Amino acid sequence: MEHYRSRSPISSSHSRPPAYERERGGRGRSHCENQRFRPNNQRQHQSESAAEHNPLNSRALSTRRELYERDFPVYKQPVEVGSFSLDSERRFFNDGRQMRYYVEPERNPNFDLRDGYKDRFVKRDDSVKEKLDHVLRWVVANRSKLNSRKTSASSCALDVDFVTWRGHLTKLLTTPYETKEGWMLAATKFRGTIYISEVETEAARRERENRTERHKEMMYWGYKFEQYTCADNVHGAPDPGGVVNTNEAFCTVVQTRLADHRLLFSGEVDCRDKDPGAPAPPACYVELKTSAEICTPKQRSNFHRFKLLKWWAQSFLPGVPRVVAGFRDHEGVVVSVETFHISKISQLIKNEYNCWRPTVCMNFCCDFLTFVKQTVTEDSPSVVYMFSWEPRRDVTFSVHRDSQFSFLPHWYVEEMTRRPNSHHQS
């Protein structure tokens, strides 16, 4: 999807190409440096020197890029453990019925992205906050795949440290370079696993409620590009005369490990390669994007420094290997199409001055998860640790008990508290 928002300059240095790293003897554990953790001013009674030497007592996490300039952390090749679909009414199905197949367009297709906006567009209500509910429904339906091998009554219900959406992790990867938008991430520990769910900030709410008509239409353009390039079945053709319904989605669920953090997350997938010889998921998936056409060196530089950062982070996390981009003119007509291979993006940006570094992104995400593990100690679905960040500030947190921020549904807590051998898959 295209996000219509201006970006400010950022600064960092060049990067070597990132790659998924396999298991190795030293487990690739990334040790946190004390200076990344800072005592919060709210705890003036706490010894600052003590906090510096003991991250467990730290109240804040720095986002300064230079602190994350070190070797790329071990990131295990993501493995798809399942998928699910959301239909035109946003109902959950534990299957792949919403999967679509990529149909390669011409290099200069002249797709009109405005077509259908006024009369063939059903927009999802983005004021409804779904939190982690769809991911949790998948977990319940596939609990046997995730049951812990441990037998202790106090052990994890799932064999993972974190459950979240891919989009939340994408925000973490881009945080060291973000200059405009802050975030709030709620974390709850339940049966040994930490669940992370985004909370809309006041600034994001104001932006959502005050979008211009032009902005709303440009958001539609990304979905329309998908309609021009996707078929509903492997032998089908795109149907650009149909209805665009943004309630519909196909989502992959992947497991991986970042240093010593075991992750389970889900993310929406635009389509897959229809070639019968294509690799297994997630390596067969294709991400579709739109962007303004590039006419000047300055525009190309901004594209490398800002947009490619988001595209790389979003696709690298679940192991999606390529992004197909439709470059459109001011009137919303796609004038060219280009494919970007995720493994080659770091080479594209290496000569760009003040550009982002994949290693900084991944190390910050890794250290944030360590910070969350050290902070979220109480195992209770009614306790929420709210992590907040604004550009040029440290990450801080607050604790909320029995508050409006609680996000694990009662049905999920009850289902996951039952004995595994009494569980029946839905």
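If only the Cβ of Lys and Arg carry +1 and only the Cβ of Asp and Glu carry -1, the dipole of the stretch 162-299 around its Cα centre is close to 480 debye. In this structure Asp125 has an accessible area near 80 Å², from a 1.4 Å probe over the protein heavy atoms. Please work out whether the stretch 149-259 counts as rounded, prolate or oblate from its C-alpha gyration tensor, where a ≥ b ≥ c are the square roots of the eigenvalues and a/c under 1.5 means rounded, while otherwise a/b larger than b/c means prolate and anything else oblate? Taking the square roots of the gyration eigenvalues as a ≥ b ≥ c, the stretch 149-259 is oblate. Peptide packing: for 353-364, 335-346, the average count of neighbouring Cβ atoms within 10 Å per residue gives the ranking 353-364, 335-346, highest mean first. Treating r as the C-beta distance of Arg114 and Glu200 and R0 as 30 Å, the FRET efficiency rounds to 0.55.
Applying the criteria of a DSSP loop state and at most 16 other Cβ atoms within 10 Å to the trypsin sites (Lys or Arg not before Pro) of the stretch 200-265 yields Arg211. Sorting 191-204, 394-407 by their mean Cβ neighbour count within 10 Å, with the most densely packed peptide first, gives 191-204, 394-407. Here the relative contact order of the stretch 304-353, from alpha carbon pairs under 8 Å that lie six or more residues apart, stands at 37 percent. Extension gain for the segment Ser127 to Ser382, taken as residue separation times 0.36 nm less the Cα-Cα distance, is 89.4 nm to one decimal.
Label sites at Arg191 and Asn354, each approximated as a point 7 angstrom past Cα along Cα to Cβ, lie 5.0 nm apart.
Here the extension length gained between Arg97 and Arg393 equals 102.2 nm, from 0.36 nm per residue of separation less the Cα-Cα distance.
Under the convention that each Lys and Arg Cβ holds +1 and each Asp and Glu Cβ holds -1, the size of the dipole of the stretch 334-426 around its Cα centre is about 260 debye. Full extension of the chain between Arg211 and Glu106 yields a length gain of 34.5 nm, computed as 0.36 nm times the residue separation minus the alpha carbon distance. Entry note, the stretch 311-383: relative contact order of 20 percent, from Cα contacts under 8 Å with a spacing of 6+ residues. Within the stretch 287-426, DSSP assigns beta bridges of which about 70% are antiparallel (rounded to the nearest 5). Here the stretch 182-330 carries DSSP beta bridges of which approximately 70% are antiparallel, counting only pairs with both residues inside. Note on His341/Val234: beta-carbon distance plugged into 1/(1 + (r/R0)^6) with R0 of 25 Å gives a FRET efficiency of 0.65. 3J(HN,Hα) along the stretch 342-351, derived from phi through the Karplus expression 6.51 cos²θ - 1.76 cosθ + 1.60 where θ = phi - 60°, amounts to 4, 5, 10, 5, 5, 6, 4, 9, 5, 9 Hz, with x in place of Gly and Pro. In this structure the amide hydrogen of Thr201, modeled in the peptide plane, comes within under 5 Å of the amide hydrogens of Met184, none closer than 5 places in sequence on its chain.
The values are calculated or read from the model by the stated rules, or taken from the named source; none is laboratory data. No experiment lies behind these values; they were computed from the predicted model shown. Note: ideal-geometry Cβ built from the backbone for every residue, glycine included; neighbour counts use all protein chains shown. In case anyone asks, the SASA skips ligands and DNA or RNA and just uses the protein heavy atoms, side chains included. Shrake-Rupley method; radii C 1.70, N 1.55, O 1.52, S 1.80 Å.
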